[in-house]
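The values are calculated or read from the model by the stated rules, or taken from the named source; none is laboratory data. Keep in mind that what you see is a predicted model, and the values were worked out from it rather than measured. Glycine gets a Cβ as well: all are built from the backbone with ideal geometry, and neighbour counts include every protein chain shown.
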Amino acid sequence: MTKFVFVTGGVLSSVGKGITTSSIGKMLQTRGYKVTVIKIDPYVNVDAGTMNPYIHGEVYVTDDGGETDLDLGGYERFLDLNLPKVNNITTGQIYQTVINKERRGDFLGKCVQIVPHITNEIKRRIRLVAKRSKVDVVLTECGGTVGDIEGLPFLEAIRQMRLEEGFQNTLYVHIALIPILDVTGEMKTKPLQHSVNELRRIGIQPDIIVARCRKMIDSEALRKIALFGTIPENAVFCSYNVPSIYQVPLILDKQGMGKYACKRLGIPQKRPKWSEWKRFVNSVENPRFEVKIGLVGKYAGLADSYVSMNEALRHGGAAWQTRISIDYIKAERLERDVSRLELLKNYDGIFIPYGFGPRGTEGKMRAIRFARENNVPFLGICYGFQLAVVEFARNVCGLEDANSTEVNPDTTNPVIDLMPEQRGVEYKGATMRLGAHKIIVKKNTLAYTLYGTEEIYERHRHRWEVNRDYWNVLQKHGLVFSGKSPDGRRIEILELPDKFFFLASQFHGEFKSRPGKPDPEYYGFVKACLDRKLGNTKPEF
Ligand code: GLN
């Protein structure tokens with residue numbers, strides 16, 4: 001019998017629901033239980049693919065080509081899972097399905113309503129995940145804050161699931177903020193009390209309350225939360241500030257949360273095995289070295305735009321006992337003020353992330369040129385890969401007006417061009433080349449050294465590619481194509497062998513990077529940055 005855990009949040013958003021959900025998953029996993037995680041996003045978009053990363057954070061890409069909320073990335077990394085796109089449920093998907101059914105005549109004669117038709121579709125999707133994943137526990141995080149209008153149908157569906165699945169098979173976890181007053185230092189539980197009341201008004205009585213607070217809550221706050229939340233004191237836990245997110249499952253389990261959850265779900269208590277996780281946390285928190293990386297991007301004002309890339313760099317750093325310090329540099333600044341390029345001297349490595357549209361591309365290419373000419377370790381991902389090709393075509397091959405047709409559709413040298421299958425595509429939703437595709441890695445290359453195998457699968461999200469008409473001229477000038485699609489038609493990895501470390505990929509290695517299992521391109525890049533800093537003649541992997 002599958003067990004269901006539902007996580008809701010109160011008071012305000014960004015209280016760490018995602019981390020709490022992942023942490024509960026981790027506590028169950030370390031006890032030998034199989035888990036999966038669903039993210040509910042109550043917005044009307046069908047998926048996150050059409051949303052601006054500068055406002056909503058990065059779009060995460062799953063193996064099966066889903067463009068999802070970034071929380072899925074958090075779950076995949078914490079729990080070392082590869083989740084399918086059905087694990088991200090949105091209002092858009094629910095209504096699209098129900099309306100299609102209505103048009104088909106499935107509800108003939110009936111008035112189609114939020115309860116039961118919309119709520120039934122929500123429950124069907126949650127159960128579908130349970131059935132397909134064959135796990136012991138399905139965790140569902142409900143996005144937004146309790147009380148939001150758009151979240152109501154989801155909470156109603158979750159409420160009904162207790163009736164249908166049974167008390168012992170469902171667990172409601174509510175997490176809310178406990179502010180501390182500056183003047184008196186008092187911990188205030190009132191906002192949390194209100195959010196619990198709001199939840200009860202909908203018909204959900206939480207079983208566990210997690211207080212999100214700067215510090216460990218005191219006994220007075222704990223007593224009040226239990227009393228007004230109508231739960232025993234040993235069902236109240238505190239998620240306080242810790243040096244890294246990876247400590248959160250450890251501090252919650254120490255307070256007895258894993259034990260309580262197992263008891264409440266009626267599953268056997270088992271001793272959790274934390275040693276591997278602790279080893280990773282230790283390597284992140286006690287580094288011997290540090291490298292400074294300059295990330296030049298269009299969305300540099302919001303770290304969440306690049307969260308998987310940040311994490312992948314940190315996974316790479318942990319493998320080499322190296323702390324990663326990242327400066328986010330707005331690409332356009334390097335266009336307006338060329339003297340700023342000099343500042344790039346301060347970095348041990350230059351990283352160009354994904355991106356879309358013309359804005360900032362010239363600045364990114366200045367940074368790539370700087371890295372190439374000054375032999376600074378360089379890693380480019382997706383747009384970073386494409387712009388490395390444009391920069392090389394212009395400044396090494398002498399094709400002065402080379403460009404991507406995404407930036408200049410009229411360029412006479414379209415070294416980066418729209419993929420043939422993209423021509424004529426009008427719809428923007430889920431129409432890029434998405435998800436995991438096979439890549440053949442060429443022997444005797446840097447890429448082969450890093451991957452150690454000829455066949456890899458990596459995740460993609462793009463419309464443009466290296467134009468075949470320019471392969472020859474690029475190669476003649478020294479650019480090596482070290483990874484291609486199996487049919488040999490598409491370039492996936494490039495490198496400059498005479499440089500200290502110059503590597504770029506059309507795919508996104510960061511989506512498959514995990515704590516303790518860093519992605520090879522990030523792992524290699526971080527080591528190159530470190531070796532360069534330590535004055536070694538070449539990087540050793
Ligand atoms: N804009 C480029 C493309 O669509 C790169 C996309 C990306 O960086 N993810 O091909």
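Applying a threshold of 6 Å to beta carbon distances and a minimum spacing of six or more residues, or different chains, the list of pairs starting in the range 374-398 at a residue that is on the phi > 0 side of the Ramachandran plot and of a type outside the set (F, W, Y) and ending at one that is assigned to a loop (DSSP other than H, G, I, E, B) and within 16 Å of the ligand (Cβ to nearest atom) reads C382/Y354. As a summary of the residue check, I293 satisfies the conditions (1) assigned to a helix (DSSP H, G or I); (2) modelled with pLDDT of 95 or more except for the one numbered (1). For the range 348-373: of the residues being free of Cβ contacts under 8 Å to residues at least 60 places away in the same chain and among the charged types (D, E, K, R), which is nearest to the ligand (Cβ to nearest atom)? If we take residues in the range 348-373 being free of Cβ contacts under 8 Å to residues at least 60 places away in the same chain and among the charged types (D, E, K, R), then E362 is nearest to the ligand (Cβ to nearest atom). Just one of the listed residues (T170, T140, T145) is buried (at least 23 other Cβ atoms within 10 Å of the Cβ) and of a type in the set (S, T, Y), namely T140. Would you point out which residue out of Y470, Y451, Y457 is aromatic (F, W, Y) and under 27 Å from C397 (Cα atoms)? Within the list Y470, Y451, Y457, the selection yields Y470. Looking across the range 157-167, the residues that are surrounded by 13 or more Cβ atoms within 10 Å (Cβ to Cβ) and closer than 15 Å to D207 by Cα come down to I158, R159, M161, R162, G166. Counting only strands (runs of 3 or more DSSP E) that sit wholly inside the range 376-463, those with at least 2 residues that are within 16 Å of the ligand (Cβ to nearest atom) and aliphatic (A, V, I, L, M) are 378-381, 414-418, 433-441.
Just one of the listed residues (G92, G166, G143) is on the phi > 0 side of the Ramachandran plot and of a type outside the set (K, R), namely G166.
Based on what the data block shows, is V473 among the aliphatic types (A, V, I, L, M) and under 27 Å from the mean Cα position of the chain (by Cα)? Break it down into steps so the answer makes sense when it comes.
Working: among the aliphatic types (A, V, I, L, M): yes; under 27 Å from the mean Cα position of the chain (by Cα): no.
No: the conditions fail for V473.
Looking only at the range 209-247, residues that are in contact (Cβ under 8 Å) with a residue 60 or more places away in the chain and surrounded by fewer than 21 Cβ atoms within 10 Å (Cβ to Cβ) come to 1 in all. Of the residues contained in the range 93-105, one or more are found to be surrounded by fewer than 14 Cβ atoms within 10 Å (Cβ to Cβ) and β-branched (V, I, T).
Can you run down the residue pairs with Cβ atoms below 6 Å, 6 or more apart or on separate chains, where the first is in the range 146-158 and of a type in the set (D, E, K, R) and the partner is assigned to a helix (DSSP H, G or I)? What qualifies is E156/T119.
Checked against (1) touching a residue at least 40 places away in the same chain (Cβ under 8 Å); (2) out of contact with any Ser or Thr (no Cβ under 6 Å at 6 or more places or on another chain), E510 meets all criteria but (2).
Scanning the range 316-330 for residues that are assigned to a loop (DSSP other than H, G, I, E, B) and polar (S, T, N, Q) yields a single hit, Q321.
For (1) at pLDDT 95 or above; (2) within 19 Å of T20 (Cβ to Cβ), each residue gets a yes or a no:
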site	(1), (2)
K224	yes, no
L227	yes, no
V236	yes, yes
Y246	no, yes
L250	yes, yes
G256	yes, yes
G266	yes, no
K273	yes, no
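Test K345 against the criterion of being surrounded by 22 or more Cβ atoms within 10 Å (Cβ to Cβ) and within 28 Å of F289 (Cβ to Cβ), and give yes or no. The answer is no for K345. Can you pull out every residue in the range 25-46 that is closer than 30 Å to Y95 by Cα, crowded, with 22+ Cβ neighbours inside 10 Å and in contact with a helix residue (DSSP H, G or I) (Cβ under 7 Å, 6 or more places away or on another chain)? Of everything in the range 25-46, those that are closer than 30 Å to Y95 by Cα, crowded, with 22+ Cβ neighbours inside 10 Å and in contact with a helix residue (DSSP H, G or I) (Cβ under 7 Å, 6 or more places away or on another chain) turn out to be G25, V35, T36, V37, I38, K39, I40.
So, E332, is that one within 16 Å of the ligand (Cβ to nearest atom) and more than 22 Å from the chain's Cα centre (by Cα) or not? Against the criterion (within 16 Å of the ligand (Cβ to nearest atom) and more than 22 Å from the chain's Cα centre (by Cα)), E332 does not qualify. What about D304, is it within 23 Å of I55 (Cα to Cα) and touching a strand residue (DSSP E or B) at 6+ places or on another chain (Cβ under 6 Å)? Answer is no for this residue.
One line per residue, one yes/no per condition, for (1) modelled with pLDDT of 95 or more; (2) outside any helix (DSSP H, G or I):
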{"residue": "K123", "(1), (2)": "yes, no"}
{"residue": "R127", "(1), (2)": "yes, no"}
{"residue": "V135", "(1), (2)": "yes, yes"}
{"residue": "L139", "(1), (2)": "yes, yes"}
{"residue": "L152", "(1), (2)": "yes, no"}
{"residue": "A157", "(1), (2)": "yes, no"}
{"residue": "Q168", "(1), (2)": "yes, no"}
{"residue": "T184", "(1), (2)": "no, yes"}
{"residue": "V196", "(1), (2)": "yes, no"}
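Across the range 464-492, the number of residues qualifying as free of Cβ contacts under 8 Å to residues at least 24 places away in the same chain, within 16 Å of the ligand (Cβ to nearest atom) and more than 16 Å from P414 (Cβ to Cβ) comes to 1.
Quick one: count up the residues across the range 311-329 that are within 22 Å of F502 (Cβ to Cβ) and either within 16 Å of the ligand (Cβ to nearest atom) or of a type in the set (A, V, I, L, M) (or both). Selection size over the range 311-329: 6. Counting only strands (runs of 3 or more DSSP E) wholly contained in the range 1-90, no element carries 2 or more residues that are modelled with pLDDT under 95 and basic (K, R). Just one residue in the set L108, L83, L70, L139 is without any contact (Cβ under 8 Å) to a residue 12 or more places away in the chain and among the aliphatic types (A, V, I, L, M); that residue is L108.
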